[in-house]
Structure formats: C-alpha cells, structure tokens
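Right, one structure below, let's go through it.
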Amino acid sequence: MTTVKTGLSRKLLTRVLSVYFILTLLVTIGQIFTEYLSTKNHIESELQTLKNTFAESLTRANWELNKVQARVIAEGLTKLPIVEGVQVRDENGELIADDGQTIPVTGPPVQSGIKQDHPGGIFSYSFPLVFEFSGRQSYVGDVTLYSSFDIILSRIEVGIFFLIGNAIIKTAFLVFLFMTAFKRMLSEPLSELTDQMTSFDPEHPQESKVKVTTDDDNELRLLQQSFNQVIDDLISSQSKLKGVQSALTHANKKLDDQNLILEQEVAKKTASLSQIMLDLEQQKDELIANQRELRQENENRQFIEDELRKRNSELAKHMDMMNLIKDQLVESERMASLGGLVAGIAHDVNTPIGVSVTAASYLQERINKLNAAYKDKSLSGKNMSAFIEEASQTAELLMNNLNRASELVASFKQVAVDQTSEAERLFNLNTYLHEILLSLQPTIKKTQHQVTITCPNDLEILCAPGVIAQIITNMIINSLVHGFDNCEQGHIRLVVTQENDYVTIDYSDDGKGMDKKGLNQLFDAFYTTSREHGGSGLGTHIVYNLVTQALNGSIQAYSEPGEGLRYIIRFLNKSL
C-alpha cells in the first residue's frame, strides 16, 4: 500500500497555524502602530507644554531684539530629550536661531499653533510669539520645535519587545498544544484505523473488522461502524451467493435435460418443415398469379391518379380565381362602407345648409325692406333697432349651422381620405376616434344607442389612420346591425389604454352576443348571420386582416349569448 506524503492532520495543522500566525502578526503590528500614534500625540502635547514654559522668555527676547538671549534659550531647548531641533524667527520671518535637526522654513509668519509632519520621520510644532503691552498685542516672531521618529521609538522600544515576545510565546504554546492534540485525537487513530483496514482478508471478513481505541463518539467511531457494517453486508452477500451458486448448478442440470427433449422436438419439427416447404411452393404459384392481377390493378390506379391531378390543377385555378374575387369583394366592402358614410353625411349636411339658406333669404328680404324705407325716407329708429336685432339673430343662426356643416364635412373628409390612403402618419388617437364617431353620427342618431369613448388625451400613434378608421367603423356598424338587432337601446364602449410600448383597444357592446360556434367562425371570410338581409360576411374578416397585417397586432373576441360582444385589440406603438 502506498504511503501518504503529507498527512491530513499535518495539512490541517499547517493551515490553522498559518491563519493564527497571520492574525497574530496583524494584531501585533496594529498594537505597535497604535502605541506609536499614542506616543507621538503625547510628545506633541509635551511640545505644546514647552510653549507655555518658554514662550514668554522668547517673546521678551524678540521684543527687546536680544538675539543672543533667544539663541541661548533655543540652545537650552535642544538639550531637552523630546526636542531634536529649534527654529526662532522674528516678525519679518528671518531666522534668529536654528539649532539641532531642523527643516528649512519657508512661508508666511505663523499666526496660530500648527502641527506638521516632515520627510525622514521628523514632525514639528510651530506657534507665534505675541507680546502684550498696555493691553495691545504685537506679533514679534514665531518658534518651531522639532521632534523625530527616533525619540518615539526610544520610548516605545520596551513595549515593542514585550508585544513581540508575548506573540512569540503564545504562538509557540499554541503550536505545541495543537500538535499534541492533533497527534492524539487524529493522527494516531487514523494511522491505527488505516493499518487495520490494510490487513483486510477477503477469505475471513469476520476477522477483519476494525476497532478504534478512542473514548469519544466522533467521526472516527462512525467510520469504524460504517466499515464494520460493510463487512457484515459482505458476509451476508457471500452467504446469498453460495445459495445462488447451488441453485444455478441445479438449474444447469435441468437445462441439460431440456436440451435432450429439445433435440427430439427439433427432429419432429424438421419433418413437419419439409411438408410446409411443399405447401409453400404451391402458395408461390398462387402468389405469382395474384401479382399479375395486382399489376393490372396498379395500371388502373395510375390512370385514375392522372385524372385526379388534372382535376386538382383545375381546382387550384378556381381557388386563385376565388381569392381574386374575395379581394375584390373586400375592396367593394370598404368602398360600400365609405359610400354609406357619404349618404349619411350628405343627409346631415343638408339640414344645416337648408336652415342657412332660409336664414340668408330672410335676411335678404329684411335688407330689401330696410333699403326701401331708407329711400322713402320713412326709416325710423324703431325700425332700425328691430332690423339690427333680427339681423343679429339671423346671422348667429346662419353661423351656427354653417359651422355645423363645416365640422361634418371636415371630419368626413379626414376619415374618407384616410380610408382610401395607406400612408402612415403621426396623429392623436383620441381626436381621431371622435372624428370617426362624428362621421358615423348620421347612422348612429337614427337609433337610441350610445357610444362612449375613453382614451388618453395625449396618446399619439404612428400608422395609417385609414386602418384605425376601417376597424372602428366595421366594429360599430356590426354592433348596430347584428349586435343590437331587435334591441331599442344599446351601449357601445371603446376604452383605449397604453402599457409600455403597446396600445390596447377594448371594444364592447351589450347586444345579444354570440354562441360558441358563431364565435369560432367570427373572423372567417363570408361568414354572416344575416345573409338574407344583404350581409357579405367580410366585415370582421377585414378587421382581422387589418389588425394582424397592417398593425402587426393581435385581436381576440369574447362573447356569450345575451352578454354582448367584446374585442381586445393590442398592437405596438411605433411612435415610441
């Protein structure tokens, strides 16, 4: 059996101790850095304390221009353990004293206490020298005290050695503790278990069970139980295998007996097969005769297939002609719808124009009378006042009816032009739906039915407006003709919504509805429930083609007998 180069316990111990060593190193470095910052802050505080001690004497020396005394005081400051260097400047920024380890000073005079860090581990504290005389303060110079990293290190040197020694001692103790624990609890039991498993004897599996000398109920004991259970299963399987082998020997003996019986049966079958071969020869002759009959029948079928191909070709020509007739009928249906609009609009326009002609005639008659009275010089203020009032009323009546006729003609013109044009344009859907409704008003007002349109005022779409006009017109006409058949009052609702980039038109009426069979055939060409009244069955077929082909959308119909008819139209708004 091959040996393991690096044991599992050693790998686990190495990883645990590596993580602990890294954590200990990071914590020790953090503690040393914290100690460094604390000592640096303490030294900076001591430098500020020196300000309170020597500021007054330096201020007086600068005030009295006693540079010698200032240099003596600066030299004395450098003798202090925490001071590496001293710089003293006068009110003009010129150096009076520069002793010890310092940095060249540049810049304006110091007006308040400033702490600074410099390259090379040097830091400083600068403060101004202000002399008070008769309640007045005068700036006489500034002082900069320098200290360094070496001073900080000398103070925390013992602490650093203590922290490092403490970390080394703890790490060594933990290494010893972990090595002892891993060896006793993992390495030795695993080695013992491996040796027992290596000495496994397949011939005597009962004697190959393993035993782990541990008092803990851990994974090793579970591994021992699992291995021993496998050995028990192996013993059970060997016992069953011996039984199967015995049964197999008995079965082989029976198989030999059956082979003898089978050889006897084969001899009998061979004799019977010879007789069957003779019978097959006779059947072969009969089959040849049948093949001749089948060949004749195939020739007859070939002739019939040729005739069928001719009929199919003629049928395809008829289908092409039917499709052409269908397209012509669809176009005729569209033009018939437009013709219906023309008739209704002509009737509605005739009424306001007739009223306008009557009002204009009456106004002309009144003007003639007024002109005659003016020529006869019999015109009075009362007559003039009555004429003005009547003329104002007549003009108002004339304008209202002419505006009404203009609105009808404009809406019809827009809808009619759109229905005969396939050009796409950007338009307001709400406004256009009301124009369509206005063009259908002559047809709707003959009944007591109502049409309600709910649409966002700012919804604009990009498509051929004639497609929308043809769809809405066909659905409303179908509701009036079929849905409200034998209904005195009905309500048509048209709800338009926009969700993301899609526009949804929800059309519904409360008419008589349709059964399931009629609903399944609703969009089929030439399907109608009123063919005896002149229905062509192309209205809903045109709507379906316009929605799916012109708008690249989808349309679904829902209905129940007595529950009305509902269309859900959904298409992409290309203007977004």
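The values are calculated or read from the model by the stated rules, or taken from the named source; none is laboratory data. All values reported here derive from a predicted model rather than from experimental measurement. Positions of Cβ are backbone-derived with ideal geometry, glycine not excepted, and every protein chain shown enters the neighbour counts.
Here are the numbers for the structure shown:
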{"read-out": "All helices (runs of 4 or more DSSP H) inside the range 399-492 with 1 or more residues being surrounded by 20 or more Cβ atoms within 10 Å (Cβ to Cβ) and at pLDDT 80 or above", "value": "429-439, 465-478"}
{"read-out": "Pairs where the first residue, in the range 279-300, is loosely packed, with under 10 Cβ neighbours inside 10 Å and the second is in a helix (DSSP H, G or I), C-beta under 9 Å, 6+ apart", "value": "none"}
{"read-out": "Options VAL496, VAL503; residue that is in contact (Cβ under 8 Å) with a residue 40 or more places away in the chain, within 39 Å of the chain's Cα centre (by Cα) and buried (at least 20 other Cβ atoms within 10 Å of the Cβ)", "value": "VAL503"}
{"read-out": "Tally, over the range 440-459, of residues that are within 21 Å of VAL543 (Cα to Cα) and under 37 Å from the mean Cα position of the chain (by Cα)", "value": "4"}
{"read-out": "Which listed residue, of GLU91, GLU44, GLU75, GLU35, is closer than 18 Å to SER124 by Cβ, among the acidic types (Asp, Glu), assigned by TED's automatic domain parsing to the domain that holds ILE169 and surrounded by 14 or more Cβ atoms within 10 Å (Cβ to Cβ)", "value": "GLU44"}
{"read-out": "Residue check, PHE33 aromatic (Phe, Trp, Tyr) and over 20 Å from VAL140 (Cβ atoms)", "value": "yes"}
{"read-out": "GLY562, sole failed condition from (1) in contact with a Ser or Thr (Cβ under 8 Å, 6 or more places away or on another chain); (2) modelled with pLDDT under 90; (3) closer than 13 Å to GLY483 by Cβ", "value": "(1)"}
{"read-out": "Residue within the range 110-121 that is farther than 30 Å from ALA172 by Cα, more than 60 Å from the chain's Cα centre (by Cα) and not charged (D, E, K, R) present", "value": "yes"}
{"read-out": "Scope the range 39-54; condition at pLDDT 80 or above and in contact with a Lys or Arg (Cβ under 9 Å, 6 or more places away or on another chain); matching residues", "value": "THR39, HIS42"}
{"read-out": "Residue, nearest to ALA423 (Cα to Cα), within the range 465-494, restricted to residues that are touching a Gly at 6+ places or on another chain (Cβ under 7 Å) and small (Gly, Ala, Ser)", "value": "SER479"}
{"read-out": "Criterion violated by ILE152 - all others in (1) hydrophobic (A, V, I, L, M, F, W, C); (2) modelled with pLDDT under 80; (3) surrounded by fewer than 17 Cβ atoms within 10 Å (Cβ to Cβ) satisfied", "value": "(3)"}
{"read-out": "Top-ranked residue of the range 134-152 - restricted to ones that are without any contact (Cβ under 8 Å) to a residue 12 or more places away in the chain and not charged (D, E, K, R), ranked as farthest from ILE114 (Cα to Cα)", "value": "SER134"}
{"read-out": "Test: residue in the range 196-204 that is more than 30 Å from GLU84 (Cβ to Cβ), touching a residue at least 40 places away in the same chain (Cβ under 8 Å) and surrounded by fewer than 16 Cβ atoms within 10 Å (Cβ to Cβ)", "value": "yes"}
